[in-house]
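The values are calculated or read from the model by the stated rules, or taken from the named source; none is laboratory data. Just so it is clear, the model here is predicted, and its values are computed rather than measured. Neighbour counts run over all protein chains shown; Cβ positions are idealised from the backbone, glycine included.
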Amino acid sequence: MPAPPPDARSLTAEVVSVEPCGEDGVVLTVRPEVELPTVRASRFFMLRRTDRLSPLIPRPFSLYRQRGAELEFLLKVMGRGTRALAESRPGDELRLIGPLGNGWPALEGGGAPWVMLGGGVGSAPFYLGIQQALAGMDGKRPARREELAYLYGAARRGLLYDLERFRALGVPVHTATDDGSEGFKGNVLGLLETLWSANKLPREVRLLACGPHPMLVAVERLARAKKLECWLSLETLMGCGVGICNGCPVATRPEGPMGAWPNAKCCVEGPVFAVGAVTLEQPGEQHGSPRHAPAACVPEAPHEPERGRAGN
Ligand SMILES: Cc1cc2nc3c(=O)[nH]c(=O)nc-3n(C[C@H](O)[C@H](O)[C@H](O)COP(=O)(O)OP(=O)(O)OC[C@H]3O[C@@H](n4cnc5c(N)ncnc54)[C@H](O)[C@@H]3O)c2cc1C
Ligand code: FES
């Protein structure tokens, strides 16, 4: 069974700062007790306060930026856990478990451009993604700025978190908002179609996406319909982050590389999955949706080859 990554550890960290970001977010900067080596973009940490103001179960967050000994997280305040973290003060102590998960594939240059689709706080894993692609990953050829494009969408301008910081990275950044308050009026997939129609992007691109579940379902559909390489960074609910609680299932495609088992564990086998390995499109959305994760600790049977799910 998949195990947590060997470099994951449980650490205390001191809060350095909490800066407001957008309408309902913060950038939380912490200094762990030891300096961590470079963390791959789209890996994550489980976070909670140690003073019992956080819920007992830590919450997962992508690493947003890494600067020397400091780690930054971009948090959208959703409920108790994120509120407690957003209300922490410099000097407070947090508990971190990580780095966890796999991260983006090597974003090497020289092939089809990488088009990154971020929705709302789903932008968090792209900042490091762009930085690491430009620097070169896994010893592969670095991507040139024009081989990357970041398409960032949200309901309105105030939910496009830290936009200027993304623009400062120097890669093409295109924005979309549902209400037209910033950039293209519509969603990131409408924006992508517009860029394709205007010949501002080649038809052959490699997609990376992170954002709300309906956006990722639409990206999966598009990638399959157009036969594009595509990776999704999923934000399922998580109980433990290390493969124990069964709280983060993602439905696998029986015909795909993970198809011997009906569900993958998002925390240890993801959070990044290639389209083709998993599916978010389920009848009745039984699996893969953060809001429909089955109860923890339910053992699962492997796919039975003769009764595999048909045609999804
Ligand atoms: C790998 C991973 C990386 C993540 N990275 C980030 C990040 O960088 N920044 C960030 O702000 N959030 C991120 N999230 C989501 C974050 O973990 C949740 O928003 C957080 O756990 C909510 O905790 P809470 O106690 O504040 O809210 P809760 O009280 O637990 O929930 C409040 C409301 O939010 C909903 N909710 C909870 N979790 C999610 C979710 N994952 N997706 C959609 N709705 C949810 C609940 O259903 C409920 O309606 C990530 C999740 C995963 C799995
Ligand atoms: S969060 Fe517990 S198994 Fe994935």
Being buried (at least 24 other Cβ atoms within 10 Å of the Cβ), in contact (Cβ under 8 Å) with a residue 12 or more places away in the chain and more than 9 Å from ligand 1 (Cβ to nearest atom) narrows it down to one of G91, G68, G118, so name that one.
-> G118
In region 198-207, is there at least one residue being within 16 Å of ligand 2 (Cβ to nearest atom) and buried (at least 17 other Cβ atoms within 10 Å of the Cβ)?
-> no
Among (1) more than 25 Å from A135 (Cβ to Cβ); (2) within 16 Å of ligand 2 (Cβ to nearest atom); (3) buried (at least 20 other Cβ atoms within 10 Å of the Cβ); (4) among the aliphatic types (A, V, I, L, M) - the single one L100 does not satisfy = (1)
For residues that are surrounded by 21 or more Cβ atoms within 10 Å (Cβ to Cβ) and part of a loop (DSSP other than H, G, I, E, B), scanning just region 243-252, find the one that is farthest from ligand 1 (Cβ to nearest atom).
-> G247
Just one of G288, G270 is within 16 Å of ligand 2 (Cβ to nearest atom), buried (at least 18 other Cβ atoms within 10 Å of the Cβ) and modelled with pLDDT under 95; which is it?
-> G288
Can you name the number of the only condition in (1) over 20 Å from the mean Cα position of the chain (by Cα); (2) surrounded by fewer than 17 Cβ atoms within 10 Å (Cβ to Cβ) that P2 fails?
-> (1)
Would you be able to say whether some residue in region 166-178 is in a loop (DSSP other than H, G, I, E, B), polar (S, T, N, Q) and not assigned by TED's automatic domain parsing to the domain that holds A277?
-> no
Does L201 satisfy the condition of being touching a residue at least 12 places away in the same chain (Cβ under 8 Å), farther than 16 Å from G122 by Cβ and not in a strand (DSSP E or B)?
-> yes
Qualifying position, being within 9 Å of ligand 1 (Cβ to nearest atom), small (G, A, S) and surrounded by 23 or more Cβ atoms within 10 Å (Cβ to Cβ), among S62, S54 = S62
Does E220 qualify as being of a type in the set (D, E, K, R) and either touching a Cys at 6+ places or on another chain (Cβ under 7 Å) or touching a residue at least 24 places away in the same chain (Cβ under 8 Å) (or both)?
-> yes
Across region 163-222, what is the number of residues that are touching a strand residue (DSSP E or B) at 6+ places or on another chain (Cβ under 7 Å) and of a type in the set (F, W, Y)?
-> 2
May I ask you to list the residues in region 273-285 that are touching a strand residue (DSSP E or B) at 6+ places or on another chain (Cβ under 7 Å) and either crowded, with 21+ Cβ neighbours inside 10 Å or within 17 Å of C210 (Cα to Cα) (or both)?
-> F273, A274, V275, A277, V278, T279
Among the residues of region 32-48, which ones are out of contact with any strand residue (DSSP E or B) (no Cβ under 6 Å at 6 or more places or on another chain) and charged (D, E, K, R)?
-> E35, R40
Scan region 162-190 for residues that are under 17 Å from V121 (Cα atoms) and in contact with a Ser or Thr (Cβ under 6 Å, 6 or more places away or on another chain) and jot them down.
-> E182
Considering only region 1-20, state which residues are of a type in the set (D, E) and in contact (Cβ under 8 Å) with a residue 40 or more places away in the chain.
-> D7, E14
Checked region 137-155 for anything free of Cβ contacts under 8 Å to residues at least 40 places away in the same chain and either part of a loop (DSSP other than H, G, I, E, B) or exposed (fewer than 13 other Cβ atoms within 10 Å of the Cβ) (or both); matches are D138, G139, K140, R141, P142, A143, R144, E146, A155
Any idea which of (1) away from ligand 1 (no atom under 11 Å from the Cβ); (2) within 25 Å of L63 (Cβ to Cβ); (3) among the hydroxyl-bearing types (S, T, Y) is the one T236 doesn't satisfy?
-> (1)
Note: among C248, C210, just one is within 14 Å of ligand 2 (Cβ to nearest atom) and either over 15 Å from the mean Cα position of the chain (by Cα) or of a type outside the set (V, I, T) (or both), namely C248
